[in-house]
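Read the figures in this text as sums done on the coordinates, not as results from a lab. Computed from a predicted model, the values in this text were never measured in an experiment. Positions of Cβ are backbone-derived with ideal geometry, glycine not excepted, and every protein chain shown enters the neighbour counts.
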Amino acid sequence: MLTNMRTQHELTREKYRRHAPSYDSVAAPLLGAAYQHEAVVLLGLVPGDVVVDVGCGTGSNFASIERGIGEKGHLFGVDLSPEMLEQARALVDSRGWDNVSLINASAEEVQIRPSVDAFLFSFAHDVLQSSHALHNLFKHASKGARVAACGIKWAPWWNLALNLYIFQVAQQYHTVQKGLSEPWGQLRPFLSNLELRLWAFETIYVVSGTLKQGTQDPVQSARPNAAPDDGSDRLDSPQY
Ligand SMILES: C[S@@+](CC[C@H](N)C(=O)[O-])C[C@H]1O[C@@H](n2cnc3c(N)ncnc32)[C@H](O)[C@@H]1O
């Protein structure tokens, strides 16, 4: 299983090594900023929140997240692809955000020390299909953490033309091809109040919900979920 995961990660790195230089001009408009923005809004961010953008890529959601968390919050961008993260780094530097940590790691293995208030999975299909990744990520959650995800899915079966298009997009950007009927399916057991919205002839989904109690690591959840009110040094020693 570990070998499979490593091979899959290698394939993903290879794919995004090629996509990284043109991702923002080619893929991002295709995927849809409006849906990404909707997903971030559904996280209900407040100033001081700690957010993980899982499979953050070039950072196309960072501006929306930054607006929600303010200077006292912290954003962890996690991605397997060093080349995608290079683009994200350039964005962070150009915007002068000093509350962003970029982590080149897999969602299955990343370790984040502070309790996380919100997780975003924006067009991160491969991660959503990995229960290993979800278990690992949600260990780091604070009580009542919010989760939102958006991405592509199959249109109704009879819409063959649209499904051909979805097939082509998935081939280009996903390493895992399964799960396109209900890409958020593996989130179901973790979330209460799961809300689903569909757009673009049902080819785009946005889901959101609250992590169920007990999902998070017992040690983390026993810790008072209290970052200091002023947010000061809550992130002094992140693992990354
Ligand atoms: C389609 S891009 C989405 C990027 C960004 N979230 C967006 O909305 O534009 C998918 C990203 O997920 C990353 N990824 C795929 N599998 C991953 C994994 N297991 N752990 C971390 N990142 C992963 C890829 O490297 C890629 O940058």
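Table for the structure above
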| quantity | calculated |
| --- | --- |
| All positions within the range 67-105 that are crowded, with 20+ Cβ neighbours inside 10 Å and among the acidic types (Asp, Glu) | 79 |
| Members of the range 125-142 found to be buried (at least 18 other Cβ atoms within 10 Å of the Cβ) and away from the ligand (no atom under 13 Å from the Cβ), listed by number | 138, 140, 141, 142 |
| Qualifying position, being in contact (Cβ under 8 Å) with a residue 60 or more places away in the chain, near the ligand (Cβ under 9 Å from one of its atoms) and in contact with a helix residue (DSSP H, G or I) (Cβ under 7 Å, 6 or more places away or on another chain), among 106, 115 | 106 |
| Among the residues listed as 67, 113, 95, the single one being out of contact with any strand residue (DSSP E or B) (no Cβ under 9 Å at 6 or more places or on another chain) and under 23 Å from residue 206 (Cα atoms) | 67 |
